[in-house]
Amino acid sequence: MRHILGRPRRRLLALLGSAALALGGAVALPGTAQAANVLTNPGFESGGLSPWTCTGNLGSVVSSPVHGGSKALQGAVSSSDNAQCGQTVPVKPNTAYTLSGWVRGSYVYLGVDGGASTWTTSPSAYSRLSVSFTTGASQTSATVYVHGWYAQGSYQADDIQLDGPGGGGGGDTQAPTAPGGLTSTGKSSTSVSLKWNAASDNVGVTAYDVYAGPSQVLSVSGTSATVSGLSPSTSYTFTVKARDAAGNTSPASNSVSVTTDAGTGGGTGFKQAAPYLYEGWGDPPNPTTVMSATGVKWFTMAFMLDSGGCNPAWDGSRALTGGVDQTAVNQIRSAGGDVVPSFGGWQGSKLGANCSSASALAGALQKVIDAYSLKAIDMDIENTDEFENEAVQARILTALKTVKANNPGLRTIVTFGTSTTGPTYYGNRLIEQAQSLGAGIDVFTIMPFDFGGGSDMYGNTVNATDGLKNKLKSTFGWDDATAYSHIGISGMNGLSDQQENTTPAIWTQIRDWANSHHIARLAYWAVNRDRPCPGGGVVSNCSGISQSTWQFTSITAGFTG
């Protein structure tokens with residue numbers, strides 16, 4: 001939720017780093033292809049990356065811009081990572097191959113590990129790259145790659161092709177050992193998260209194939225995976241097999257049976273009415289007073305920021321534990337309620353932007369989860385430093401995937417801005433990245449205010465939410481009911497920065513619509529402002545309109561999903 005009320009919206013300057021480009025010599029044009037493409041998922045039409053893997057988790061599958069089909073790869077280059085994405089395939093020794101592909105962006109490279117590469121400077125249109133190489137005398141596998149260049153912006157790649165005879169049948173005929181210790185680390189109504197112990201191989205394991213019953217449902221390079229698109233209240237039996245570069249496949253792991261959650265309308269089964277409470281300004285009310293007057297049980301506690309060195313603190317300055325924020329949490333829990341901390345917001349030093357890696361960010365989130373034994377966390381992703389930074393988007397989603405796997409039952413929420421018709425470019429990209437990374441996000445919450453809602457805040461909120469529903473359907477393959485059950489609405493009571501006016505009557509309409517469509521979450525900014533001050537303008541401790549004290553919280557408490 002935005003830090004608002006008279007505070008300027010500072011845009012961060014994007015600094016373009018300089019880098020010395022080491023350019024290779026001329027490359028001969030390739031000869032005629034010897035065989036069909038030996039790469040898997042060459043055009044990313046599966047909607048996921050696998051079996052491609054990308055450094056820093058900076059790769060994602062996007063629907064625009066594409067060269068062919070409906071999908072393409074996008075690498076979110078940073079100043080310290082060129083977002084290299086690669087795939088290892090079996091090849092034959094002493095054999096000529098031609099690697100080609102279509103790329104878009106500034107200084108994009110295509111090549112093979114330990115061998116030839118080529119590049120283009122084309123920044124705005126897809127260009128075709130091609131390079132030839134011959135495998136070594138005993139070579140049975142090759143890793144092809146595509147990457148951008150440091151601080152040069154995101155790149156896209158599509159329709160990558162490796163022409164030549166497939167490998168296998170050479171010197172390596174030994175299969176990997178079976179993966180062991182397969183277990184489930186979490187589940188929802190539509191997904192199951194799994195992990196297992198690594199297999200061994202005389203040359204090396206290149207992929208793990210995940211099976212649901214007899215059907216392969218996923219292929220990954222690591223030792224964990226989240227299988228999505230499952231049916232609620234359904235039992236699935238999973239196994240995993242290891243595969244090497246020559247195509248040799250191991251015996252199956254032990255099996256694990258998991259029954260997905262029931263959910264509501266095929267969704268997550270998670271329902272939360274949780275208005276924002278902020279101890280940082282706005283005459284913070286006693287939460288038990290509000291709970292007693294309204295019946296609300298959950299609060300979204302704002303904001304968890306970075307106090308320096310990727311260390312979480314309330315507002316970046318108040319201690320994680322032992323201060324006024326913990327006092328409020330204790331009061332809420334003593335009264336039979338609970339909290340979901342919100343990480344981020346519009347301004348301040350944010351953990352997502354300042355932690356150096358996804359693992360470091362996951363560690364910071366875990367500190368808060370452990371400090372408060374949390375059941376849910378909210379990542380409020382806004383502004384140019386997080387929402388409009390593709391690398392940071394990937395970092396946040398990967399960290400959420402990690403803590404979800406490490407804390408079975410934890411619900412993860414992402415909150416972001418919207419247009420009146422649904423997610424913006426960066427909102428769509430966030431959703432696509434969540435799917436591509438298998439992040440398992442439980443609730444995608446939009447903020448329908450300061451979005452051009454004008455005088456029709458009810459109609460435009462419904463339009464925006466339906467736009468989000470349609471995007472979730474097309475990205476995840478969900479039906480209407482399942483998509484709605486993964487949606488949250490987080491509004492603003494009374495006057496917004498744009499002088500949009502959400503009255504108690506309009507908020508009641510929105511609440512009733514949310515209940516009838518069985519969405520997952522209803523929140524608003526903020527309980528601090530849930531007091532009357534008609535003509536008071538946009539201020540921190542009242543709504544600027546006529547209303548009863550705690551009226552918006554009472555309405556929100558009637559959300560049941």
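The values are calculated or read from the model by the stated rules, or taken from the named source; none is laboratory data. Computed from a predicted model, the values in this text were never measured in an experiment. Glycine also receives a Cβ, built like all others from the backbone with ideal geometry; neighbour counts cover every protein chain displayed. Each accessible area value is taken on the protein alone, full model and side chains, heavy atoms only, with ligands, DNA and RNA left out. Shrake-Rupley method; radii C 1.70, N 1.55, O 1.52, S 1.80 Å.
Tabulated values for the structure
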item: Options I506, I519; residue that is aliphatic (A, V, I, L, M), in contact (Cβ under 8 Å) with a residue 40 or more places away in the chain and in a helix (DSSP H, G or I); result: I506
item: Among the residues listed as T118, T177, the single one being touching a residue at least 24 places away in the same chain (Cβ under 8 Å), more than 27 Å from the chain's Cα centre (by Cα) and in a loop (DSSP other than H, G, I, E, B); result: T177
item: Scope segment 449-495; condition open to solvent by less than 20 Å² (accessible area, probe 1.4 Å), at pLDDT 95 or above and among the polar types (S, T, N, Q); matching residues; result: T461, T465, S490, N493
item: Residue in segment 146-164 that is surrounded by fewer than 16 Cβ atoms within 10 Å (Cβ to Cβ) and over 33 Å from the mean Cα position of the chain (by Cα) present; result: no
item: Top-ranked residue of segment 80-113 - restricted to ones that are hydroxyl-bearing (S, T, Y) and assigned to a loop (DSSP other than H, G, I, E, B), ranked as farthest from E390 (Cα to Cα); result: T95
item: Residue that is nearest to L58 (Cα to Cα), among those in segment 391-420 that are open to solvent by 10 Å² or more (accessible area, probe 1.4 Å), part of a loop (DSSP other than H, G, I, E, B) and modelled with pLDDT under 95; result: N407
item: One residue from G213, G153, G148 being free of Cβ contacts under 8 Å to residues at least 40 places away in the same chain and out of contact with any Cys (no Cβ under 6 Å at 6 or more places or on another chain); result: G213
item: Strands (runs of 3 or more DSSP E) wholly inside segment 232-348 containing at least 1 residues that are open to solvent by less than 50 Å² (accessible area, probe 1.4 Å), among the small types (G, A, S) and out of contact with any helix residue (DSSP H, G or I) (no Cβ under 9 Å at 6 or more places or on another chain); result: 235-244, 298-306, 312-314, 338-345
item: Complete set of residues in segment 67-96 that are within 21 Å of K471 (Cα to Cα) and modelled with pLDDT of 85 or more; result: K71, A72, L73, Q74
item: Boolean, S540 is more than 18 Å from A302 (Cα to Cα) and touching a residue at least 60 places away in the same chain (Cβ under 8 Å); result: no
item: Count of residues meeting criterion [in a loop (DSSP other than H, G, I, E, B), under 28 Å from L410 (Cβ atoms) and in contact with a Lys or Arg (Cβ under 8 Å, 6 or more places away or on another chain)] in segment 430-487; result: 5
